[in-house]
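S.K.: Sending over a structure as structure tokens; questions will come in a sec.
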Amino acid sequence: MSTFPSLVANANKAFPGVALVSISRLKSLCEAVAPRYAGRARFFSVREGYGAAVTALQAYVDAGSVDVVLAAGSNGAYLRDNLNVPVVMVKVNGFDVLGAIAHAATTWPGARIGLVLHETISHELADLGAWLKVGLSQRAYRSIDEVRLAVEKLAAEGCGVIIGPGMACDFAQQAGLESVFLYLLGAVEEAFERSVELARVSRQKESKRVRLNTIVAHLRDGVAAFDDAGVLEAVNPAMLELLGLGAPKEALSAEREQDAAAQVARVVGPWLRETLASDLPIEERIERIGGRALIVNCVPIMEHGARSGSVVTVQDALVAQRIDHSLRTSQRPKHLVARHRLDDLIGGSAALERVRRLARAGAAHDATVLLTGESGTGKELVAQGIHNAGRRRGNPFVAFNCAALPEGLIESELFGHEEGAFTGARRGGKPGLFEIAHTGTIFLDEIGEMPAALQSRLLRVLQEREVMKLGSGRATPVDVRVIAATHRDLHALVEQGLFRADLYFRLNLLRIELPPLRERRGDVAQLARHLLSRGARQYGLSEAALERVLTFLAPLFEHYAWPGNVRELENLLTRAAIYLSDAAGQGQDRRDLQSMFPEFGRMKQAPAAATPAAPMSRAGEDEHAPARTSPTREDVMRALEQSGGNRAAASRALGIGRTTLWRLMKTDPPR
């Protein structure tokens, strides 16, 4: 191959390349036209023809230097059949032929003219011979040998002038005949215009193809594209690796590549046929190939409303799980953290030790836990402690109060919704709390207040471990531990038809009952000191003021029923810290203290000599609320009758724990 040095040296390598294949006289016309297109393409001149030209061009085609070949006649036809790049032919029209005939007739009057054309002769010219008053003979050729033979036959017929391609003119001169070159400058210019434009379009398409292949080659997912006949057009290394046909970055030989393509087509073939037969795509189907779980998608490629092929993508299911976990972790709110541990349960009573023991046993497993007990007994603290004592610690802890929202909002909060699922739905949708709690724990407080319509949906989540957003037709798997809590008697609610029995039995797997504060009075003083010390700095309590508060409240620790349990104790301590701190002074009026701490008037079994601590004694107060006796069996039975048999309600009405209620029920009635 030779080049045009003046053009190629200054050409931008980003320009498309055009190879000019001219065996003889076409070369001079090409060299005359090429400079006009120096700013649009690079040109390469090839002086060989046929097989030699194919060999010379193939290396440049493989290197991406040549995008289009410009040639003429049989040489161009041969190149078109043997190269995988477009070949533009220099074409002659009727005016070119007539012009050449007129030139020959004028230059050599009376001479018989022989016309050599590629592939076929023109019958119209034969009819025009008499009208043009010239002797005209035609011969067609398909190869070099046929060109020589055509010239010889025309010479034998008495033709003195030969019109044809460069080779025909050369053979005519060798035979002592005159010649006229058939290709004119206008035909060559037209061929150049078509070649440069086609080269530009081809370069753009090739650039897009290379860019797309480069992108696809670096995807972790396997990708294979097929034409409408099911023939493999492209496949990336990841597909070969996922199907067990090659290493991810393995360079395949041509023979190995063909074998791999056949194997890809064999594995993927059933999916292509299924998609073609049903006219429906395959989306996120789990297939097991070679012991590996793969997520398969097969969708049609549509062009201008018609199917032109299919694309198959394959993803490793384990990789998808890791990505899903990473996404859920990155998108979840940062505040969903369990702060408390089981060691934060303050007290050494036997009842509290039992709670710790059961909670640690439950934390070792992922089974559902049901926490029961009166309000304020620390059910969420125990739930957080169970979460932090188990294998899910470090993952999200999501708490939700089932009594805090209307039914419609509860469903959206727990299960999430898609965009447009209902009026006011968040744009882009919203994940539910079960999705947010994925790999962690969801704490459902006040589960007894769950609306009946949502109990069945909750039951399905517990059974199937998947949730379906509002407005979605696809279920999302979730890995969540459920801890539920209630202050109500769920068994009684089941008997009353207010709670689903199947949901109750699903929740009531590991049950932990938290004792009320009045049933572990030995822990109250220790718990009060811990809570007060934790808030000492906030309320400006000195050590002396802290002791003064604890001494003042000591009678309540022993004799108050604590219907609000730990929550009430904490509120009372806060109130005392504010009113009895160093800054508040120590000269409070007796009546003020009585109004500030009405709990003293509600104490049970107050001892005869008991007084409400130092500040009140300084005010001269020595009167106490009248002592109240412990409830009897008759009181218990009356409370049960008034509460409709609800033991929890009866316990609260009497100000005693359920254990005490049960014990009094079992005592023999008086005779």
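The values are calculated or read from the model by the stated rules, or taken from the named source; none is laboratory data. Values in this document were obtained by computation on a predicted structure and should not be read as measured data. As a convention, Cβ positions derive from the backbone with ideal geometry for all residues, glycine included, and neighbour counts pool all protein chains shown.
S.K.: Considering only residues that are within 36 Å of the chain's Cα centre (by Cα), crowded, with 20+ Cβ neighbours inside 10 Å and either assigned to a helix (DSSP H, G or I) or among the aromatic types (Phe, Trp, Tyr) (or both), which ones fall in the stretch 473-523?
M.R.: Leu503, Leu507
S.K.: Let me ask something additional. State whether one or more residues within the stretch 167-175 are closer than 17 Å to Ser122 by Cα, in contact (Cβ under 8 Å) with a residue 40 or more places away in the chain and small (Gly, Ala, Ser).
M.R.: There is no residue in the stretch 167-175 that is closer than 17 Å to Ser122 by Cα, in contact (Cβ under 8 Å) with a residue 40 or more places away in the chain and small (Gly, Ala, Ser).
S.K.: List the pairs whose first member sits in the stretch 300-328 and is at pLDDT below 80, whose second member is surrounded by fewer than 16 Cβ atoms within 10 Å (Cβ to Cβ) and in a strand (DSSP E or B), and whose Cβ atoms are under 6 Å apart, counting only residues at least 6 apart or on separate chains?
M.R.: Ala317/Ala293
S.K.: Among Gln263, Gln204, which is the only one that is at pLDDT 80 or above, surrounded by fewer than 17 Cβ atoms within 10 Å (Cβ to Cβ) and within 23 Å of Asp67 (Cβ to Cβ)?
M.R.: After ruling out the rest, the residue left standing is Gln204.
S.K.: Sort through Ser581, Ser595 and tell me the only one that's modelled with pLDDT of 55 or more and assigned to a loop (DSSP other than H, G, I, E, B).
M.R.: Ser581
S.K.: Within the stretch 126-144, identify whether any single residue is assigned to a helix (DSSP H, G or I), at pLDDT 85 or above and farther than 22 Å from Gly99 by Cβ, and answer yes or no.
M.R.: No, the stretch 126-144 contains no residue that is assigned to a helix (DSSP H, G or I), at pLDDT 85 or above and farther than 22 Å from Gly99 by Cβ.
S.K.: Scan the stretch 526-540 and report the pairs whose first residue is assigned by TED's automatic domain parsing to the domain that holds Ala554 and whose second residue is of a type in the set (D, E, K, R) and at pLDDT 80 or above, with Cβ atoms within less than 8 Å and a gap of 6+ or a chain change.
M.R.: Filtered contacts from the stretch 526-540: Leu531/Glu570.
S.K.: Answer yes if at least one residue in the stretch 349-372 is modelled with pLDDT of 85 or more and farther than 30 Å from Val480 by Cα, and no otherwise.
M.R.: Yes.
S.K.: If you check Ala610, Ala606, Ala625, which single one turns out to be part of a loop (DSSP other than H, G, I, E, B), at pLDDT below 65 and not assigned by TED's automatic domain parsing to the domain that holds Ala545?
M.R.: Result of the check over Ala610, Ala606, Ala625: Ala625.
S.K.: Based on this model, can you work out whether Gly110 counts as surrounded by fewer than 19 Cβ atoms within 10 Å (Cβ to Cβ) and either assigned to a helix (DSSP H, G or I) or at pLDDT 85 or above (or both)?
M.R.: Criteria met by Gly110.
S.K.: Moving to a separate point now. Which members of the stretch 344-394 meet the condition of being basic (Lys, Arg) and in contact (Cβ under 8 Å) with a residue 40 or more places away in the chain?
M.R.: Lys379, Arg392, Arg393
S.K.: Going by what's in this entry, would Arg575 be described as surrounded by fewer than 17 Cβ atoms within 10 Å (Cβ to Cβ), outside the structural domain of Ser456 (by TED's automatic domain parsing) and under 26 Å from Gly601 (Cα atoms)?
M.R.: Judged against the criteria, Arg575 is a match.
S.K.: I'm trying to understand the selection: among the residues of the stretch 145-172, which are in a helix (DSSP H, G or I) and over 22 Å from Val21 (Cα atoms)?
M.R.: Leu149, Ala150, Val151, Glu152, Lys153, Leu154, Ala155, Ala156
S.K.: How about the stretch 435-469: which of its residues are surrounded by 19 or more Cβ atoms within 10 Å (Cβ to Cβ) and either under 18 Å from Pro406 (Cα atoms) or at pLDDT 90 or above (or both)?
M.R.: Gly440, Thr441, Ile442, Phe443, Leu444, Asp445, Ile447, Gly448, Met450, Leu458, Lys469
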